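The values are calculated or read from the model by the stated rules, or taken from the named source; none is laboratory data. All values reported here derive from a predicted model rather than from experimental measurement. Note that we place each Cβ from the backbone using ideal geometry, even for glycine, and neighbour counts take in every protein chain shown. With ligands, DNA and RNA removed, areas are computed over all heavy atoms of the protein, side chains included. Shrake-Rupley method; radii C 1.70, N 1.55, O 1.52, S 1.80 Å.
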Amino acid sequence: EVVNGIIVAKKQRKEEARVVLEYHALFEKWSTPTSGFGMFGALATTSSNVLGGVGAGFLYSWKDQNSKNNGGFSIGVGYMLDNDVKDLADGFKVGEALPEGEPNIRYVEESKGSWILFLSSNF
């Protein structure tokens, strides 16, 4: 909003926790009965969007063959493309006055990329 001619951010979300549905496949060449390396694909949801983003990356997975349920863990790193990210339009900056000739704040909605890190557990 604009307060005394200056743009003030009421809310900024640079990081957001969300539900990510992930599917992975391990490369047979680099896998053993207890560990493996592979790729994953992911779909992200947000509170306002059933399909908030898509992602892909690599993961390392390992499991305990001595447990009755083959419990294990996976760690993955990849890239997420989020759609409909709302940001200030060019020329508008938080903490500065409205650009000359602009009566209101303008926004843009665009896709933006970010890194994704996830941990999962098998049980």
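Suppose every Lys and Arg Cβ carries +1 and every Asp and Glu Cβ carries -1, with no other charges. What dipole size does segment 43-113 come out with about its Cα centre, to the nearest 20 debye?
Charge dipole of segment 43-113: 600 debye, to the nearest 20.
In debye to the nearest 20, how big a dipole does the chain give about its Cα centre with +1 on each Lys and Arg Cβ and -1 on each Asp and Glu Cβ? Walk me through the intermediate numbers first.
Details: 12 positive and 15 negative charges, 112 e Å.
Dipole size: approximately 540 debye.
What FRET efficiency comes out for the pair I105/L81, r = Cβ-Cβ distance, R0 = 30 Å, nearest 0.05?
0.70
Per-residue HN-Hα couplings for segment 88-96, Karplus 6.51 cos²θ - 1.76 cosθ + 1.60 at θ = phi - 60°, whole Hz, x for Gly and Pro?
5, 5, 4, x, 9, 9, 4, x, 10
Please work out which option in (1) 0.96; (2) 1.03; (3) 1.20 gives Rg/Rh (Cα atoms, Kirkwood Rh) calculated from these coordinates, and answer with its label.
The listed entry that was calculated here is (3).
Give the accessible area for S35 in Å² (nearest 10); use a 1.4 Å probe, count only protein heavy atoms, and leave out ligands, DNA and RNA.
S35 has an accessible surface of roughly 30 Å² with all protein chains in place.
Give me, ordered by chain and number, the residues 5 or more places off G71 or on other chains with an amide H under 5 Å from its own placed amide H.
Distant-sequence amide H within range of G71: D64.
What order do D90, D84, D64 take when sorted by accessible area (1.4 Å probe), most exposed first?
Putting D90, D84, D64 in descending order of accessible area: D90, D84, D64.
Per residue, how large is the accessible surface of the chain? Use a 1.4 angstrom probe and give square angstrom.
74 Å²
Give me the distance in nm between label points sitting 7 Å out from Cα along the Cα-to-Cβ direction at L21 and N66, one decimal.
Here the answer is 3.7 nm between the modelled labels.
Share of the chain's accessible area from carbon and sulfur, percent, 1.4 Å? Could the numbers behind the result be given before it?
Values: 5070 of 9150 Å².
On the chain, the fraction of accessible area on carbon and sulfur atoms equals 55 percent.
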